[in-house]
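Asks: Pasting a structure below so you can have a look.
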Amino acid sequence: MSDTDSRVERIGSTRRSRFIRHVTLCLIGAVMMYPLAWLVSSSFKPSRIVFTDLGLWPTEWDLTNYPEGWSALEHPFSLYLVNSLVIVVLSIVGNLLSCSLAAYGFARLRFTGRRLFFVLMLGTMMLPGHVLLVPQYVVFAKLDWINTYYPLLVPNFLATNAFYIFLMVQFMRALPTELDDAARIDGCGPFRVFWKVIMPLSMPAFATTAIFTFISVWNEFFGPLLYLTDSELYTVPLALRQFVDSEGQSQWSQMFAMSAVSLAPVIGFFIAGQKYLVRGIATTGLK
């Protein structure tokens with residue numbers, strides 16, 4: 001067999017392998033997307049056929065699910081969207097400020113006990129969240145913060161999320177230390193070095209933290225369920241829960257319609273920050 005024939009055969013084998021890989025990935029993607037497609041499809045079906053018609057193309061259409069679902073609860077669904085948006089935006093601000101400052105201390109400053117504190121901080125990642133529920137609830141009850149947003153927001157301003165700190169530490173450690181030395185020669189203190197040098201260079205890690213925070217806080221159900229009792233303060237997950245009636249009068253189609261609406265901000269934010277998310281994960285060693 002000549003070199004040309006061998007080369008043609010290798011190229012053909014590579015193309016077949018790539019084609020099979022792409023087809024496999026498309027099939028896996030289609031399986032993973034089916035629940036989302038079924039949810040959107042069910043939002044256009046009458047409630048009585050939602051669980052009998054499992055196809056993606058509705059046999060009967062009901063376009064009133066969206067307007068009726070928007071006003072079916074005690075308050076308009078827009079109120080719950082705004083409540084969730086307020087909590088998400090403030091949580092992102094809190095996590096970015098507090099976690100970035102903590103990460104800067106661990107990554108770039110030298111102080112006694114730095115390694116010990118860093119190990120202890122990482123150790124908190126291994127604690128199950130449910131272990132802390134009762135102590136946290138007691139503390140917030142003592143502070144008279146129940147039925148307010150404080151239990152959902154204040155921890156984000158105190159650098160309590162070890163994962164985001166670890167993510168930023170990994171990114172900041174990869175930045176050249178000569179930048180800090182040059183800034184100090186120019187008269188910058190530690191905070192100014194962070195503000196003028198480290199923070200602008202850490203935007204991919206900031207964007208990754210913002211996206212993760214947006215998704216986790218927007219979808220959080222248990223925290224709001226535990227601390228919020230006034231329906232006017234409810235977030236989107238709690239509002240969707242109200243469509244389910246324990247006595248069998250659940251409005252499934254309206255719930256699916258509002259679920260589809262609630263997915264729009266998450267998908268839009270993810271698409272807008274996808275470029276920074278990939279870069280942030282690739283440069284922090286989390287891939």
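Asks: So is residue 39 part of a helix (DSSP H, G or I), in contact (Cβ under 8 Å) with a residue 12 or more places away in the chain and open to solvent by less than 60 Å² (accessible area, probe 1.4 Å) or not?
Replies: Spelling it out, residue 39 is indeed part of a helix (DSSP H, G or I), in contact (Cβ under 8 Å) with a residue 12 or more places away in the chain and open to solvent by less than 60 Å² (accessible area, probe 1.4 Å).
Asks: Next question, about the same structure. Has segment 182-196 got at least one residue that is among the small types (Gly, Ala, Ser), assigned to a loop (DSSP other than H, G, I, E, B) and exposed (fewer than 15 other Cβ atoms within 10 Å of the Cβ)?
Replies: yes
Asks: Could you tell me how many of the residues in segment 167-181 are open to solvent by 30 Å² or more (accessible area, probe 1.4 Å) and part of a helix (DSSP H, G or I)?
Replies: 5
Asks: Run residue 208 past the list (1) within 19 Å of the chain's Cα centre (by Cα); (2) part of a helix (DSSP H, G or I); (3) within 14 Å of residue 102 (Cα to Cα) and report the number of the one that doesn't hold.
Replies: Of everything listed in (1) within 19 Å of the chain's Cα centre (by Cα); (2) part of a helix (DSSP H, G or I); (3) within 14 Å of residue 102 (Cα to Cα), residue 208 misses just condition (3).
Asks: Next question. I'm checking my understanding of the structure. Among residues of segment 80-89 that are in contact with a Phe, Trp or Tyr (Cβ under 8 Å, 6 or more places away or on another chain) and not polar (S, T, N, Q), which one is nearest to residue 265 (Cα to Cα)?
Replies: 88
Asks: Please give the helices (runs of 4 or more DSSP H) falling wholly within segment 60-157 in which 3 or more residues are surrounded by 18 or more Cβ atoms within 10 Å (Cβ to Cβ) and within 25 Å of the chain's Cα centre (by Cα).
Replies: The qualifying helices (runs of 4 or more DSSP H) are 77-108.
Asks: Does any residue in segment 203-221 that is among the charged types (D, E, K, R) come within less than 9 Å, Cβ to Cβ, of a residue that is surrounded by fewer than 20 Cβ atoms within 10 Å (Cβ to Cβ) and part of a helix (DSSP H, G or I) six or more places away or on a different chain, and which pairs are these?
Replies: What qualifies is 220/237.
Asks: I'm trying to understand the selection: among the residues of segment 90-102, which are aliphatic (A, V, I, L, M) and closer than 14 Å to residue 158 by Cβ?
Replies: 90, 93, 96, 97, 101, 102
Asks: In segment 45-59, what residues are of a type outside the set (Val, Ile, Thr) and either open to solvent by 60 Å² or more (accessible area, probe 1.4 Å) or at pLDDT 90 or above (or both)?
Replies: Within segment 45-59, 48, 51, 54, 56, 57 qualify.
The values are calculated or read from the model by the stated rules, or taken from the named source; none is laboratory data. Remember, predicted model here, so these are calculated numbers, not experimental data. Counting neighbours? That spans all protein chains shown, and the Cβs are built from the backbone with ideal geometry, glycine included. Note: accessible area is taken over every heavy atom of the protein model, side chains too, but ligands, DNA and RNA are not part of it. Shrake-Rupley method; radii C 1.70, N 1.55, O 1.52, S 1.80 Å.
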